[in-house]
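Trainee: Got a structure for you, questions after.
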Amino acid sequence: MTQRLVIANWKMNGDLAFVEALASSLPSLANVQTVIAPPAVYALRLAELAQEVFKVGLQDVGRHESGAHTGEVSAAMARDLGASVVLVGHSERRSEHAEDDAAVAAKCEQITAAELMPVICVGETLAERESGKAIDRVRAQVMAQRQCLRNAKEVAIAYEPIWAIGTGKSATATEAVQMHQAIRGALEEVAPLAAPEIRILYGGSVNAENAPELFAYSDIQGVLVGGASLDTEQFAAIIRAAAN
């Protein structure tokens, strides 16, 4: 794992003017792989502007290869748009669209078949953390994706404590490292051959202020950035922190 991975998840934000502004503002650093995951309608324009500075990702794809599924975008379509990475299983998809581990697995299968890199999102609620069930919950989410973890040419895990997403709160570095170590242990159990090459990212109110502390730990191989990725200066600072 020679490159840290920094992914911007714009969620349902942005416009064409922002696409143009961001594409011209990002640093290109040899030891950092940067991915921008905009709303799908902007992926093609971002791919045209990427110039090997960053890769383009999608925030989600459908669980079917093709067919009568109004509003869905397939993994093959994502590839046609110029995407090489797809987020899957984000907590907002799980909560707002009732996506369970089986749905995430079906999407991972499509992403892998299209030769794209899945970034599997996992995380616990505040109630699960306070009841001491956080590690068990996250390990179960990881282990449910064993086929994808074993079969994908390249795959990453993004740990996002649900209670920290968009709240301004962040897990402490100690909490993040503890969970990353638990995830690494789960990976070694279900996909021992692939495990050493799977990067584990932290997400959950990552910003320019806390990124340097997070990157001080070797267990954190990247970050998934939400709100701070919509601030071009702050996101560039996170990328530079990843390089140090």
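Trainee: Is region 29-48 home to any residue that is of a type in the set (Gly, Ala, Ser) and open to solvent by 60 Å² or more (accessible area, probe 1.4 Å)?
Mentor: Yes, region 29-48 contains at least one residue that is of a type in the set (Gly, Ala, Ser) and open to solvent by 60 Å² or more (accessible area, probe 1.4 Å).
Trainee: Right, something else. Run residue 176 past the list (1) open to solvent by 10 Å² or more (accessible area, probe 1.4 Å); (2) small (Gly, Ala, Ser); (3) in contact (Cβ under 8 Å) with a residue 24 or more places away in the chain and report the number of the one that doesn't hold.
Mentor: Among (1) open to solvent by 10 Å² or more (accessible area, probe 1.4 Å); (2) small (Gly, Ala, Ser); (3) in contact (Cβ under 8 Å) with a residue 24 or more places away in the chain, the lone unmet condition for residue 176 is (1).
Trainee: Does residue 114 qualify as being of a type in the set (A, V, I, L, M), under 16 Å from residue 151 (Cβ atoms) and either open to solvent by less than 60 Å² (accessible area, probe 1.4 Å) or free of Cβ contacts under 8 Å to residues at least 60 places away in the same chain (or both)?
Mentor: It is true that residue 114 is of a type in the set (A, V, I, L, M), under 16 Å from residue 151 (Cβ atoms) and either open to solvent by less than 60 Å² (accessible area, probe 1.4 Å) or free of Cβ contacts under 8 Å to residues at least 60 places away in the same chain (or both).
Trainee: Report, ordered by the first and then the second residue, all pairs with beta carbons closer than 9 Å, sequence separation of six or more or different chains, a first member in region 127-155 that is in a loop (DSSP other than H, G, I, E, B), and a second member that is open to solvent by 80 Å² or more (accessible area, probe 1.4 Å).
Mentor: 144/100; 153/115; 154/197; 155/197
Trainee: Restricting to region 11-28, name every residue that is of a type in the set (D, E, K, R) and either open to solvent by 60 Å² or more (accessible area, probe 1.4 Å) or free of Cβ contacts under 8 Å to residues at least 60 places away in the same chain (or both).
Mentor: Scanning region 11-28 gives 15, 20.
Trainee: Out of all the residues in region 118-154, which are of a type in the set (A, V, I, L, M, F, W, C), within 21 Å of residue 81 (Cα to Cα) and open to solvent by 10 Å² or more (accessible area, probe 1.4 Å)?
Mentor: 152
Trainee: Testing residue 187 on (1) more than 19 Å from residue 122 (Cα to Cα); (2) in contact with a strand residue (DSSP E or B) (Cβ under 9 Å, 6 or more places away or on another chain); (3) not in a loop (DSSP other than H, G, I, E, B), one condition comes back false. Which one is that?
Mentor: (1)
Trainee: List the residue pairs whose Cβ atoms are under 6 Å apart, where the first residue sits in region 214-232 and is in contact (Cβ under 8 Å) with a residue 60 or more places away in the chain, the second is of a type in the set (Ser, Thr, Tyr) and open to solvent by less than 40 Å² (accessible area, probe 1.4 Å), and the two are 6 or more positions apart or on different chains.
Mentor: 223/202
Trainee: Output the number of the condition that residue 74 fails; it satisfies all remaining conditions of (1) over 23 Å from residue 138 (Cβ atoms); (2) open to solvent by 20 Å² or more (accessible area, probe 1.4 Å).
Mentor: (2)
The values are calculated or read from the model by the stated rules, or taken from the named source; none is laboratory data. From a predicted model like this one, the values you see are computed outputs, not experimental measurements. Because the Cβ atoms are built from the backbone with ideal geometry, glycine has one as well, and the counts that use them run over all protein chains shown. Accessible surface areas use protein heavy atoms only, side chains included; no ligands, DNA or RNA. Shrake-Rupley method; radii C 1.70, N 1.55, O 1.52, S 1.80 Å.
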